[in-house]
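Comments concern the structure below.
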Amino acid sequence: MAVAFGFATSIAPSTPSNPNLRPLVVSCPQLQTVYKPLNNGRASAFNQSLRVRCESVSQNLNTIDKEELKRSSAMALAQLKASAIDRYTKEKSSLIVIGLNVHTAPVDVREKLAIQEAQWPQAIRELCALNHIEEAAVLSTCNRMEVYVVALSQHRGVKEVTEWMSKISGVSVSELCQHRFMLYNKDATKHLFEVASGLNSIVLGEGQILAQVKQVKKLGQGVDGFNKKIGGLFEHAIITGKRVRTETNISSGSVSVSSAAVELALMKLPESSYATTRVLVIGAGKMGKLVIKHLAAKGCKEMVVVNRTEEKVAVIREELKDIQIIYKPLSEMMACAAEADVIFTSTASDTPLFLKEHAQTLPVDTEMGRRLFIDISVPRNVGPCVSDLETAEVYNVDDLKDIVAANKEDRLRKAMEAQIIISEELQHFEAWKDSLEAVPTIKKLRAYLERIRASELDKCLSKMGDITDKQKKAIYDLSMGMMKKFLHGPMQHLRCDGRSDCQRPEEMLEIMHAVNRMFDLETEIILDTVRTKMERIKK
């Protein structure tokens, strides 16, 4: 027989040898014992004795433990009620970036996840409808698809966003996990700052990505879910990107053959300007198109393009409507070359288009006294013998590659300078973000004290009976003055308005948590967050 006070003890009954003796289950609130009765003549007496003892124990425990049981039940119920909130109070909300880019995923995966700009606001709304996502933004370009969120729970937030990405793309979660990258809080912030600065691009320092980051902020404004934290993140990223470009000049210097060709020609021109220069581009394929675009970017307003057919030229003309692009067939190439100051060649011809005998027949009436050939074709479109002429100056791909390599080294040096700027802006953002943490505490503390003030004022006025309005106002002013005086100290320590005596972020957060604990504000703050979340889902 096993007896344990306060615990339920069970002993499995075995089949008794006496069929008249059955296992007896003794039921009492504090002790339930199943036992095998003794197989002898004293069994009945023993059973009766055990019943008496158990009933006695039950009666004694009833008076002692009823209150204890009530207290235990109340405590368990309170813990159960708090458990849902406790999930959030124990885990601080996190800033997370989950994405795929040209460095982590192939284009056939990236293209399935691509989201058009017009759909970015809808994507924000869908993300914020997820259970653990407070705020969101989407940055989707040809080289990257990145989702930035503020999550109530880090683990659950990552899970929900990954499943959402899988749902919209048709790419399985397991495949996404192979290619995605994830960064949290300060690392996520630094990543976006580097993206906006062009440090995460294929071409180091390229400027288009900053315009795309600006577009995220522009399209996100007014969308429910693109709120203060995410909006502030992108605002600081834009500031960082601008600073990096202005203070390091990282985007200067060509790092592609086509842009280097255009810049090299520009340097060789007498006035370093395409405004009055007669430009000829031979070939409208991929490289030729890039040359034309770079020329337009450098201020060239008119050019002649020689190509086998006009279709490709018409497409380029449609893209660059402000530029006058004159098409000429390949049969008129020499006539067009005779009227050009600068000739860019980028065709797939197996044989040179210009040899020495062709070039020396071309009249030279330019201010430079010579014609400039920039050949970016392989095989070469301009024979090396052309450079023997005093009236011609020839540059080929190898010449341009040296320029590109030198510029890339220069950009790497500037990228190191950019990291210093990013670190500075990162500190500014983290301080700003920390100051936001105090705002709910300030609001809740003010509301908490206002409730006490209003309640005590009502009690006081009800006891004073019939008094004048002037007296009521005096009592009201007294209560308001006391509350303001009481709030002054905590508010001074919780606010950071750029004063020289402002608390350091870590000190301010410590004070904030102390105030939350003293006045039990943390639960109210979390409940407000949950209420906001539920209201957004209902919409």
* Looking at residue 190, is it open to solvent by 60 Å² or more (accessible area, probe 1.4 Å), touching a residue at least 60 places away in the same chain (Cβ under 8 Å) and not in a loop (DSSP other than H, G, I, E, B)? -> yes
* Would you mind stating whether residue 140 is of a type in the set (Gly, Ala, Ser) and open to solvent by less than 60 Å² (accessible area, probe 1.4 Å)? => yes
* Mind listing just one residue for me: the one in region 222-257 that is under 15 Å from residue 407 (Cβ atoms) and open to solvent by 30 Å² or more (accessible area, probe 1.4 Å) and, of those, nearest to the chain's Cα centre (by Cα)? => 251
* Structure fact -> Selection over region 270-309 where residues are small (Gly, Ala, Ser) and crowded, with 22+ Cβ neighbours inside 10 Å yields a count of 3
* Has region 106-126 got any residue that is of a type in the set (Asp, Glu), open to solvent by less than 20 Å² (accessible area, probe 1.4 Å) and at negative phi? -> no
* Enumerate the pairs (first residue in region 132-145 and farther than 14 Å from residue 162 by Cα and touching a residue at least 40 places away in the same chain (Cβ under 8 Å); second residue anywhere and part of a loop (DSSP other than H, G, I, E, B) and open to solvent by less than 10 Å² (accessible area, probe 1.4 Å)) with beta-carbon separation below 6 Å, excluding pairs fewer than 6 apart on the same chain, so at least 6 apart or on different chains. => 135/225
* Structure fact -> Scanning region 353-362 residue by residue, those open to solvent by less than 90 Å² (accessible area, probe 1.4 Å) and either at pLDDT 95 or above or part of a helix (DSSP H, G or I) (or both) turn out to be 353, 354, 355, 356, 358, 359
* **Test: residue in region 395-411 that is in contact with a strand residue (DSSP E or B) (Cβ under 6 Å, 6 or more places away or on another chain) and either acidic (Asp, Glu) or assigned by the TED database to the domain that holds residue 268 (or both)** => yes
* Asked: Of all residues in region 153-184 being surrounded by fewer than 16 Cβ atoms within 10 Å (Cβ to Cβ) and polar (S, T, N, Q), which is nearest to the chain's Cα centre (by Cα)?
  -> 178
* Asked: In this structure, is residue 393 open to solvent by less than 60 Å² (accessible area, probe 1.4 Å), part of a strand (DSSP E or B) and touching a residue at least 60 places away in the same chain (Cβ under 8 Å)?
  -> yes
* So, in region 300-338, of the ones that are out of contact with any strand residue (DSSP E or B) (no Cβ under 8 Å at 6 or more places or on another chain) and part of a loop (DSSP other than H, G, I, E, B), which residue ends up farthest from residue 274 (Cα to Cα)? -> 309
* To do: Quick one: which residue in 68, 146, 134, 91 is at pLDDT 90 or above and open to solvent by 10 Å² or more (accessible area, probe 1.4 Å)?
  => 134
* To do: Could you grab me the full set of residues in region 373-383 that are without any contact (Cβ under 8 Å) to a residue 60 or more places away in the chain and either open to solvent by 80 Å² or more (accessible area, probe 1.4 Å) or within 42 Å of the chain's Cα centre (by Cα) (or both)?
  => 378, 380
* **Of the criteria (1) modelled with pLDDT of 90 or more; (2) in contact with an Asp or Glu (Cβ under 9 Å, 6 or more places away or on another chain), which one residue 328 fails** => (2)
* Just one of (1) within 51 Å of the chain's Cα centre (by Cα); (2) open to solvent by 40 Å² or more (accessible area, probe 1.4 Å); (3) not hydrophobic (A, V, I, L, M, F, W, C) trips up residue 370, so point out which. => (1)
* To do: Kindly indicate whether any position in region 412-432 is in contact with a strand residue (DSSP E or B) (Cβ under 6 Å, 6 or more places away or on another chain) and either assigned to a helix (DSSP H, G or I) or more than 30 Å from residue 370 (Cα to Cα) (or both).
  => no
* Asked: Would a scan of region 412-423 turn up a residue that is within 30 Å of residue 492 (Cβ to Cβ) and open to solvent by 30 Å² or more (accessible area, probe 1.4 Å)?
  -> yes
* Among 350, 398, which is surrounded by fewer than 13 Cβ atoms within 10 Å (Cβ to Cβ) and either in contact (Cβ under 8 Å) with a residue 60 or more places away in the chain or under 45 Å from the mean Cα position of the chain (by Cα) (or both)? -> 398
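The values are calculated or read from the model by the stated rules, or taken from the named source; none is laboratory data. Predicted model only: the values in this text are computed from it and were never measured. Note that each Cβ is placed from the backbone with ideal geometry, even for glycine, and that neighbours are counted across all protein chains shown. These area figures cover heavy atoms from the full protein model, side chains too; ligands, DNA and RNA do not enter into them. Shrake-Rupley method; radii C 1.70, N 1.55, O 1.52, S 1.80 Å.
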